[in-house]
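Written below as structure tokens is the structure these notes are about.
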Amino acid sequence: MQLLPDPVRRLAAWCVVILLVAGVVYVGVRLCVELRTAVIPVLLALLGTALLGPLHRRLVQAGVNRSLAAGLTCVAVVAVVGGAVYIVVAALIDTGDQILSSLRQAAKSVAERFGAAGTSLDDLATHSKDLLGKFGGTAASNVISGVSVVGEGIAMAVLALLLVFFFLRDSDGAAQALRSVAPPGTADTVEAMGRRAFAAVEGFMRGTTLIALIDAICITIGLLILRVPGAVGLGALVFVAAYIPYLGAFLSGSVSVLVALADRGFVIALWVLGVVIAVQLLEGHVLQPMIQSRTVQMHPAVVMLAITAGASVAGIVGMLLSVPLTAAAFGIAHELRARYAAR
């Protein structure tokens, strides 16, 4: 006997499915948070493998042994990343005091122009060293009482690098491994989903790196022409922040405008704002469609929600990982839709 109409029963069935999926996702996220020391290196290694895969394939096609090619690729990435980190750190050290001084002066200017509304910014800039000291003291106490954050980060970085080596070396067997663990009758679908997800992440990583480099070069050139102090350090900040879509560009652009306002005046700050907006328009209307046209395109609202969710789960690392993981999820969804729509 049917006590409820058919539409109501369908709605109830969908609610049960949604609740079950939400529960599984929640448990999975909590497990990942608890096991973050192992999960984060795996995710970072997958991103590194997606970025370095083309170089490894070219070496293998040139006749280099797969293990040797993976080792050379890892050595190359260590050299490049180490050199880049050295350049960025050196630039920030050389210009860090100048940038902080400019930001402090900008905060004072805002406080003078807007009165009480800018007082908090002025206090934040004035007492930045005290705040850093308090945070440093808290971090030090945590290190004394628990696990060292720096040591944990180094361990995760080393583990991620080792995993990149193994992922690159054994990448030819990834499809067979997926097929072996797939339920009976679903091997083709699981393999197609895996390939689509990895292709989305690979395209996202390569495209984002190229776009970040172009953005950083263009903004650095503009800052050098306008003689804004700390142009190289600000350009390095633009490159790093570009891996956090939309939000990173806003933050790095705001810092550049504030530094220009403090050191070069209101007119130069407007010019810097124009440079930042022009570069972002170039990215949004030319670079993104041209470079990432073959990857999964996501609406900006989806990207912002993914960044917010990633930040709430894993902080800065979550912000960096959320967008490529969302791209992989979109790739899987598109693959499933294409397969089931064809039936």
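The values are calculated or read from the model by the stated rules, or taken from the named source; none is laboratory data. Not measured: the values here are computed from a predicted model. Using ideal geometry, Cβ is built from the backbone for each residue, glycine included, and neighbour counts are taken over all protein chains shown. For the accessible areas, the whole protein counts, side chains as well, though only heavy atoms, and no ligand, DNA or RNA atoms are used. Shrake-Rupley method; radii C 1.70, N 1.55, O 1.52, S 1.80 Å.
Some values worked out for this structure:
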quantity	calculated
³J(HN,Hα) computed for each position of the stretch 174-183 - Karplus, 6.51 cos²θ - 1.76 cosθ + 1.60, integer Hz, glycine/proline x	5, 5, 5, 5, 4, 5, 6, 9, 6, x
Percent accessible area from carbon and sulfur atoms, the stretch 26-73, protein chains only, probe 1.4 Å	69
Three principal axis lengths of the stretch 191-246 [C-alpha, angstrom, descending]	53, 15, 13
Phi to ³J(HN,Hα) by Karplus 6.51 cos²θ - 1.76 cosθ + 1.60 over the stretch 65-81, Hz, x for Gly, Pro	4, 4, 5, 5, 5, 5, x, 5, 5, 5, 4, 5, 5, 5, 5, 5, 5
Separation between Cα centres of the stretch 222-243 and the stretch 1-60, rounded to whole Å	37
Relative packing of 313-322, 17-26, 165-174, 232-241, which averages over residues the other C-beta atoms within 10 Å, highest first	232-241, 313-322, 165-174, 17-26
Computed label-point distance, nm, for sites residue 176 and residue 21 using a 7 Å Cα→Cβ extension	3.5
